Amino acid sequence: MPIIRADTGGITQINVFTVPEGGQQALIDLLREAAMSCRGIPGWISASLHRSLDGTRVVNYAQAQDQAAMQRVFEHLRSNGFLDRNRALGQAHPGLYEVALTVE
């Protein structure tokens, strides 16, 4: 389950993919497969996938307990070919973040 709270030490990767027309679902399917494969990695928390209404982007919002856990996730994805497969389906614009503020 996603956790969005400041001062937890958690790390969030927000990756905005630009996809060709009609390409959202193929990338979502691959990102789902990648997320399911990460579920057993120590420190992995969650992944949430979003599709833009105009059909041009997919956003992956992934969380880990800390930077070391996120590094384990990246290594797993790299070694299992997910990053190369992602590149074939869309152009990635990743970034790592920490929660600065939430308002409820």
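Structure summary
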{"read-out": "Subset of segment 11-24 [part of a loop (DSSP other than H, G, I, E, B) and surrounded by 13 or more Cβ atoms within 10 Å (Cβ to Cβ)]", "value": "VAL19, PRO20, GLY23"}
{"read-out": "Which numbered condition HIS50 fails, given (1) assigned to a helix (DSSP H, G or I); (2) more than 24 Å from ASP7 (Cβ to Cβ)", "value": "(1)"}
{"read-out": "Test: residue in segment 85-103 that is β-branched (Val, Ile, Thr), outside any loop (DSSP other than H, G, I, E, B) and surrounded by 14 or more Cβ atoms within 10 Å (Cβ to Cβ)", "value": "no"}
{"read-out": "Some residue of segment 25-46 being at pLDDT 95 or above, aromatic (Phe, Trp, Tyr) and loosely packed, with under 14 Cβ neighbours inside 10 Å", "value": "no"}
{"read-out": "Qualifying positions in segment 65-88 - hydrophobic (A, V, I, L, M, F, W, C) and more than 15 Å from the chain's Cα centre (by Cα)", "value": "ALA68, ALA88"}
{"read-out": "Selection from segment 67-84 of residues that are exposed (fewer than 14 other Cβ atoms within 10 Å of the Cβ) and in a loop (DSSP other than H, G, I, E, B)", "value": "GLY81"}
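The values are calculated or read from the model by the stated rules, or taken from the named source; none is laboratory data. What you are looking at is a predicted structure, and each value in this text was computed from that prediction instead of being measured. Heads up, the Cβs are rebuilt from the backbone with ideal geometry, glycines too, and the neighbour counts pull from every protein chain shown.
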